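These notes concern the structure reproduced below.
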Amino acid sequence: MSARVLRRGLVVADDWRLLADGFGGGRTIVPLERWRKERAALLSAGTAVGVLLPNTADVDAIYAEVRDRPLIALEFPTFADGRALSQAVVLRTRLGYAGELRAVGDIIRDLVFWLGRCGFDTIVPRPDQDLEACRLALGELDVSYQAAADGRAPAWIQRRAGAAH
């Protein structure tokens, strides 16, 4: 049975594989360093290749190297380390990345809502997390107090718009 992930709010079979070494064809995600070393060979295989960025990467500085990739995966080494949330917002809002943005690593249910707000399309929770509970967490809060990459209007803008009518 293939792994399951959250993609755009649905529980679906994962059609990507993360590979540090080797190459088995199919939709593959490779770490940034491997992408840099083997880009030509990976592209010549004729399959989709995504890139895994460490949460320490300066996405502004490396965006030219990865902007054409159909998928960028951002790594959460621990759920308490939110640097990949900031990377996601930069990729979506400032750099305009329109491909699939994937959260991988130490993803727990409590982080899922914020991943959605920051622009992640696909969320890969830890194996010990209940996937349905994670899916429900995406819609857990319906009022936002600040703007984010999901385009949801903050409460103060909604109030102002309501007062104008």
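The values are calculated or read from the model by the stated rules, or taken from the named source; none is laboratory data. Bear in mind the structure is a predicted one, so any value in this text is a computation, not a measurement. Every residue, glycine as well, gets a Cβ built from its backbone with ideal geometry; the counts of neighbours run over all protein chains shown.
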Report summary line: By residue number, the members of segment 33-51 that are in contact (Cβ under 8 Å) with a residue 24 or more places away in the chain, surrounded by fewer than 15 Cβ atoms within 10 Å (Cβ to Cβ) and outside any helix (DSSP H, G or I) are none
Requested in this report: Tell me which residues, restricted to segment 116-130, are modelled with pLDDT under 95, within 22 Å of residue 29 (Cα to Cα) and not in a loop (DSSP other than H, G, I, E, B).
Outcome: 116
Requested in this report: Scan segment 62-77 for residues that are under 14 Å from residue 88 (Cα atoms) and part of a helix (DSSP H, G or I) and report the count.
Outcome: 3
